[in-house]
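**Student:** Pasting a structure here, questions to come.
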Amino acid sequence: MEQFQTFLQQTITFFAIMDPIGISAIALSLLSTNITKTQINSIAKKSTFTIIVAFIVVLITGDLILKIFGINEDSLKVMGGLILLFMAISMVNGTAQESKKDESKNDEEMAVIPIGIPIAFGTGLFTTVIIFKHQANTVLDLFSIAVAFCINAFLFYLILKNSIYIRKYLGVTGQNIITKLMGLIVGAIAVQFIISGVVHLGKSYL
C-alpha cells in the first residue's frame, strides 16, 4: 500500500511539473499556424522520445553528478524545491508560457529543442528525478519512478498530438486555468522538498 502511495505521488508530481496541457499551448505558439495533423503527430513522437532519453540519462547519471560536485541530497532538495517554487509562481502568475518563436527553425527541428528540452524536460524535472532516485532503496523503487515517468511521457504524447483539438475545446483561458492549478500543486511539492531538506540539514549540523 505504501509503495502504491509513493508511486501515485511520483506520477502526480511528474504530471504537475511537466504540465503537458500547458506545454501543448506553448508548442502551438512556437509551431506554424497551418501545421497539419501528421506534422504535429511526428513532433509529438520526437518530443516524447527526447524526454524519455533525457529521463534515462538523468536516472543513470544522477548519483554520479551528486558525487562529482559533492552535493548533499538534502542540499539538492532545498535547491530543487526553490527551483520548483519559482516555477510554480510563474505558472500561477501566467508567465511560464512566455515564449518566442525562432523563425530560423522549421517545425520538425523544434521537436527536440526547445519543445523536448528544456520546455518539457527542464530543470524542475531534472532535480525531481535525481531526488526521487536518491530516495529509492530498492530496484522496485527505481521501477516505480520509471513507470511513473513513462505514464506521464505517454500522456504528454497524447496531449501534444491532440493539442490542436485541446486548444479548440478548452481555449486559451481553459489551458491557463489548468496551468495555474498545476502551479499550486508544484508549489506544494516545492514546499515539502524545502522543509524536508532544511530539517535534515539542520539535524546534521546540530
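**Student:** Kindly report, to the nearest 10 Å², the accessible surface of T128 as traced by a 1.4 Å probe over protein heavy atoms only.
**Tutor:** The value for T128 is about 0 Å².
**Student:** To continue, here is another question. Quote the charge dipole size of the chain about the Cα centre in Debye, to the nearest 20; the model charges only the Cβ of Lys and Arg (+1) and of Asp and Glu (-1). Could the numbers behind the result be given before it?
**Tutor:** Values: 14 positive and 12 negative charges, 74 e Å.
For the chain, the charge dipole is close to 360 debye.
**Student:** Highest mean first, what order results for 60-70, 15-25, 167-177 on Cβ atoms within 10 Å? Could the numbers behind the result be given before it?
**Tutor:** Working: 60-70: 11.5, 15-25: 23.5, 167-177: 13.6.
Output ranking for 60-70, 15-25, 167-177: 15-25, 167-177, 60-70.
**Student:** Assuming a ≥ b ≥ c are the square roots of the Cα gyration tensor eigenvalues, decide whether segment 11-128 counts as rounded (a/c under 1.5), prolate (otherwise, with a/b larger than b/c) or oblate. Spell out each step's value before the answer.
**Tutor:** Working: a/c = 2.43, a/b = 1.65, b/c = 1.47.
Prolate is the answer for segment 11-128, as a/c is 1.5 or above and a/b outweighs b/c.
**Student:** OK, next. What percentage of the solvent-accessible surface of the chain, computed with a 1.4 Å probe over protein heavy atoms, is contributed by carbon and sulfur atoms?
**Tutor:** Details: 7500 of 10980 Å².
Solvent-exposed carbon and sulfur of the chain make up 68 percent of the total.
**Student:** Using θ = phi - 60° and the Karplus form 6.51 cos²θ - 1.76 cosθ + 1.60, what ³J(HN,Hα) does each residue of segment 2-15 get, whole Hz, x for Gly and Pro?
**Tutor:** For segment 2-15, the Karplus curve yields 5, 5, 5, 5, 5, 4, 5, 5, 5, 4, 5, 4, 4, 5 Hz.
**Student:** If I ignore ligands, DNA and RNA and count only protein heavy atoms, how much of T38 is accessible to a 1.4 Å probe, in Å² to the nearest 10?
**Tutor:** Near enough 110 Å² of accessible area.
**Student:** In Å², what does the accessible area per residue of segment 58-206 work out to with a 1.4 Å probe?
**Tutor:** Working: 8270 Å² over 149 residues.
Per residue, segment 58-206 has 56 Å² of solvent-accessible surface.
**Student:** What translational D, rounded to a whole number of µm²/s, comes out for the chain from Stokes-Einstein when the hydrodynamic radius is the Kirkwood one over Cα pairs, at 25 °C and 0.890 mPa s? List each step's numbers first, then the result.
**Tutor:** Working: Rh = 17.6 Å.
Translational diffusion coefficient: 139 µm²/s.
**Student:** OK, next. When N is the residue count of segment 164-206, what does its C-alpha Rg come to as a fraction of 2.2 N^0.38 Å? Walk me through the numbers before you get to the answer.
**Tutor:** Details: Rg = 17.8 Å, N = 43, 2.2 N^0.38 = 9.2 Å.
Rg over 2.2 N^0.38 Å, computed on Cα atoms: 1.94.
**Student:** Using 0.36 nm per residue of separation minus the Cα-Cα distance, give me the extension gain between S32 and L140 in nm, one decimal.
**Tutor:** Details: separation 108, 0.36 × 108 = 38.88 nm, distance 4.28 nm.
Value of the extension gain: 34.6 nm.
**Student:** How large is the accessible surface of F7 in square angstrom, using a 1.4 angstrom probe and rounding to the nearest 10?
**Tutor:** Its accessible surface works out to 50 Å², give or take rounding.
The values are calculated or read from the model by the stated rules, or taken from the named source; none is laboratory data. Computed from a predicted model, the values in this text were never measured in an experiment. Here the Cβ is made from the backbone with ideal geometry for all residues, glycine too, and neighbour counts use every protein chain on show. Keep in mind that these areas ignore ligands, DNA and RNA; they rest on the heavy atoms of the full protein, side chains included. Shrake-Rupley method; radii C 1.70, N 1.55, O 1.52, S 1.80 Å.
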